[in-house]
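Working notes, beginning with the structure itself.
The values are calculated or read from the model by the stated rules, or taken from the named source; none is laboratory data. Not measured: the values here are computed from a predicted model. A quick note on method: Cβ atoms are made from the backbone with ideal geometry, for glycine too, and the neighbour counts reach across all protein chains shown. The accessibility values were calculated without ligands, DNA or RNA, using every heavy atom of the protein model including side chains. Shrake-Rupley method; radii C 1.70, N 1.55, O 1.52, S 1.80 Å.
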Amino acid sequence: MLLPVSHRVNERGHLEIGGCDLIELARRHGTPLYVYDEATVRSRCQEFMAAMGKRGEVLYSAKAFASPGFLRIVASEGLGLEVVSAGELHIALRAGYPTARIYFLGNNKSEEDVAAAFAAGATLVLDGFHDFELLRRVVPAGHRQRCLLRVSPGVDAQTHAFIATGQLDSKFGFSIESGAARAAVEEALAQDSIHLEGLHSHIGSQIFDLRGHVQALEIMLDLLAQLRAEQGYEPHKLGAGGGLGIAYTDADDPPTPSQFVGTLLAALERGAALRSLRQPALVVEPGRAIAGPAGVALYTVGSIKDIPGVRRYVAVDGGMGDNIRPKLYGARYQPLLAGDPEGSPTETVTIAGKYCESTDILVSDAQLPEVREGDILAMPAVGAYCLSLASQYNGLPRPAVVMVADGRDRLIRRRETYDDLLAAEIL
Ligand SMILES: Cc1ncc(COP(=O)(O)O)c(C=O)c1O
């Protein structure tokens, strides 16, 4: 399913989300506009939480999309939060996110990052030996910082072969192969300022085949068995990261959140029993799988350029500034017309953005009914890693964001103004 759960086609033949007509939203708020469906955010959160039950924790990965109006909904569903900088933590704090549920990750943390995590009472995920020194500087005598320790299990999820190589060649975490992971656990257990709650790993993103996650978990359990034998250490928590993929086009068929969590829990139970380990609580941190399917971008069609026998360019009023994924990862999308979502495709067009880059193409070869200037184009599955990677390139202010539910739309981020382009400049 590409569109949010609440979508329907209304009496006027327009696409509606959360009971709001998208043509009407575009008219009132202008475009580009990012529309988030509250029902989808909640249902994705609830599915993760229900699958996990009391056997672990679900954190939302703030890097996918972190707007206070969005984070408050995630927090109200009981999820924890994964942040990777003092800046993301600041946003979370301003959103009133319960700090005991926040985990602070990141390679190359600064002293400011560690101090912010400590002051907030968040859990810190140690990523390198440098973090030990920072904690010594930051944590006052007699206090302890709750920590996990990130290990790189060496599973390359992107190869589809899940080859256990490359442990040494990652900027993240302590490698198992080099012995760094075991040395880091030893150091963490010895350092008074650290309360080591467990280990953590993350193997990649937009993953459909869960065998990579299971393999990483097996590798982590082997490490746990070794740590128990050598250091008598058995962690309470085991982090398996995020990475569950979503559908961007009809060709995509990702596992559901229940399948993701269920597969990991089953592997954990089986693997822990096999090694006679006490089963740690599972921690997962999906970002894309929660925010991605909830967001739909609206653009207005402007100029249309025909190059006979070559291509028809349909230009919209956004592009790589609000969605760099096609340019960055070759990501594919399947747009539709908000005013004619069920219209039969009659033409193949290329959806171009308005940025001064030839590569500013949102969709190559989109199949659409006849497109005219002024039409509203709806782009599904843009809720994650679009606005969080957005820029003001070419002096284009970033879009507004509305949250829709029960026939009402709520502006959660206003459209930037031209003055916002100058907000940090010394004039
Ligand atoms: C450490 C970590 N956790 C969680 C995530 C979230 O991943 P996703 O959005 O694919 O679920 C990422 C993103 O790459 C990550 O680096």
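The set of residues in the range 283-301 that are in a strand (DSSP E or B) and open to solvent by less than 30 Å² (accessible area, probe 1.4 Å) comprises 283, 284, 295, 296, 297, 298, 299, 301. Is at least one residue of the range 215-233 within 16 Å of the ligand (Cβ to nearest atom), under 23 Å from the mean Cα position of the chain (by Cα) and open to solvent by 30 Å² or more (accessible area, probe 1.4 Å)? No: zero hits. Number of residues in the range 235-250 that are among the charged types (D, E, K, R) and buried (at least 20 other Cβ atoms within 10 Å of the Cβ) equals 0.
Go through the range 357-409 and count every residue that is more than 16 Å from the ligand (Cβ to nearest atom) and in a helix (DSSP H, G or I). Qualifying residue count for the region: 3. Only one of the numbered conditions (1) over 23 Å from residue 194 (Cα atoms); (2) in the same structural domain as residue 193 (by TED's automatic domain parsing); (3) within 13 Å of the ligand (Cβ to nearest atom); (4) among the hydrophobic types (A, V, I, L, M, F, W, C) is not met by residue 151, and that is (1). Filtering the range 355-380 to residues that are over 25 Å from residue 328 (Cα atoms) and either of a type in the set (Lys, Arg) or at pLDDT below 95 (or both) leaves only 372.
Residue count for the range 302-329 satisfying the condition of being surrounded by 15 or more Cβ atoms within 10 Å (Cβ to Cβ), under 25 Å from residue 44 (Cβ atoms) and not polar (S, T, N, Q): 5. Within the range 251-268, the residues that satisfy the criterion of being open to solvent by 20 Å² or more (accessible area, probe 1.4 Å) and more than 14 Å from residue 206 (Cβ to Cβ) are 256, 258, 259, 262, 263, 266. Among the residues making up the range 26-77, those that are polar (S, T, N, Q) and either assigned to a helix (DSSP H, G or I) or under 18 Å from the mean Cα position of the chain (by Cα) (or both) are 40, 43, 46, 61, 67, 76. If we scan the range 314-325, do we find a residue that is more than 16 Å from the ligand (Cβ to nearest atom), without any contact (Cβ under 8 Å) to a residue 40 or more places away in the chain and not in a strand (DSSP E or B)? No; the residues of the range 314-325 include none that is more than 16 Å from the ligand (Cβ to nearest atom), without any contact (Cβ under 8 Å) to a residue 40 or more places away in the chain and not in a strand (DSSP E or B). Cβ separations smaller than 6 Å between residues 6+ apart or across chains give the following pairs from the range 229-246 residues that are of a type in the set (Lys, Arg) to residues that are part of a strand (DSSP E or B): 237/197; 237/198; 237/281; 237/283.
Are any of the residues in the range 58-68 within 15 Å of the ligand (Cβ to nearest atom), open to solvent by 10 Å² or more (accessible area, probe 1.4 Å) and not charged (D, E, K, R)? Yes: the range 58-68 contains one or more residues that are within 15 Å of the ligand (Cβ to nearest atom), open to solvent by 10 Å² or more (accessible area, probe 1.4 Å) and not charged (D, E, K, R).
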